[in-house]
Each structure stands twice: as structure tokens, then as C-alpha cells.
Amino acid sequence: MDKVPMTAAGFERLQEELKHLKTVARPEVIKAIAEAREHGDLSENAEYHAARERQSFIEGRVMELEDKISRAEVIDVARLNGDTIKFGATVTLADEDTDEEVTYQIVGADESDIKAGRISITAPLARGLIGKAVGDSVEVTTPAGSKSYEVVTVQFV
């Protein structure tokens, strides 16, 4: 069983989602199935089939979350330090073509949210950044083509 690296905030979000599914979504779908059963013939009851499908999704997600939580390796980013980029680092990069700066935190796969500035440790950009330091250049192949960045700052917040 491989450990799943994640930040404390990401671990907490997974636990909150699991709690919500178990305490809110699961009882709601059970109630919806019971109500749909009261409507009669189940073979042509769209409400019943939709509720069963939703139940299947919820149970699958509960199993997935329980697995990830059990394999989680929670990394306290505040305890990390250093000059090189590793998991949990918040990195400011300058596009070498446009000088436009972007800031990303390298997080676990389940925590990534590009709009919030969090990229997955498995993303090509993050993999290219690991081990680099301020002043280093990194070239990454993206769907839009090859991009070059210079590392401006490395922080562990």
C-alpha cells in the first residue's frame, strides 16, 4: 500500500467530505429511495433508479475516501524548510518569455486546484520543479507547448 502525501489542510478536507457523505448524503439518499419505492412499479420508476445511482456514487466515494485517509501521509508544511523545492513548497515562478509571475503550492493529488494556486505533486510542472532552487530554470512540456520558468522564491508556509 503506497502512502498518499497530503498537507494537513487537504487531509482535513477529505475528512470533512467523508463526514458529510456519511451523515448527510447517505441518509438523504436512503430517504429518497424509500419515497421512490412508495410510488409503485420500480422497473419504470425514474426517481428510484436515480436515487439508486446516487447511492452507488456515494458508497463508491466513501470507500475511496476511507482508503485515501487510511493511506494518508500528512506532511506539516510549516515544519519544512530549505532552499530546494519539495512537497509543500510555495513557489513563485517567472515565465522566461513574458516575465509574468505565478505562485503555486505543491500539494497532494487530491488537493490540487489550479485556480487556488495548488498543483499536484504528480503534475508535470511540479515534477520538473522538485529539487530546484531560487534562480534555477525549469522547462516543462505543457499541452500548449514547451514553457520555461525561472524560480523566483521558495517558501514553506
Once the dipole of the chain is set up from charges on Cβ (+1 Lys and Arg, -1 Asp and Glu), the residue from the list Val157, Ile69, His49 lying farthest towards its positive end is Ile69
Report the number of Lys pairs in the chain whose alpha-carbons are under 30 Å apart, with separation of 8 or more residues or on distinct chains.
22
Karplus-derived 3J(HN,Hα) from phi for the range 133-141 (6.51 cos²θ - 1.76 cosθ + 1.60, θ = phi - 60°), whole Hz, x at Gly and Pro, runs 9, 4, x, 6, 9, 9, 10, 10, 8
Using a 7 Å offset from the Cα along the Cα-to-Cβ direction at both Arg37 and Ser70, what is the distance between the two label points in nm, to one decimal?
2.9
Could you tell me the relative contact order of the chain? Use alpha-carbon pairs under 8 Å, at least six residues apart, and round to a whole percent.
24
For the range 77-155, how big is the tail of P(r) above 14 Å, as a whole percent of Cα pairs?
58
Cβ under 11 Å from Ser120's Cβ, Ser120 left aside: what net charge do those residues give with Lys, Arg +1 and Asp, Glu -1?
-1
Can you tell me which of 17-23, 150-156 comes out highest on packing, and rank the rest after it, using the mean Cβ neighbours within 10 Å?
150-156, 17-23
Comparing Ser112, Ser137, Ser56, which has the greatest mean-square fluctuation in the GNM of the chain with Cα pairs linked when under 10 Å apart?
Ser56
From DSSP H assignment alone, runs of 4+ in the chain each adding -39500 (n - 2.57), the sum over residues rounded to the nearest 500 puts [θ] at 222 nm at -12000 deg cm²/dmol
Near-label residues of the range 33-63 by backbone N, under 16 Å of a point 7 Å along Cα→Cβ of Glu17
57-63
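Read-outs: derived from the displayed coordinates by stated rules, not from any lab. The shown structure was predicted, so the numbers you read here are calculated from the model rather than taken from an experiment. FYI the Cβ positions are ideal-geometry reconstructions off the backbone, even for glycines, and counts take in every protein chain you see.
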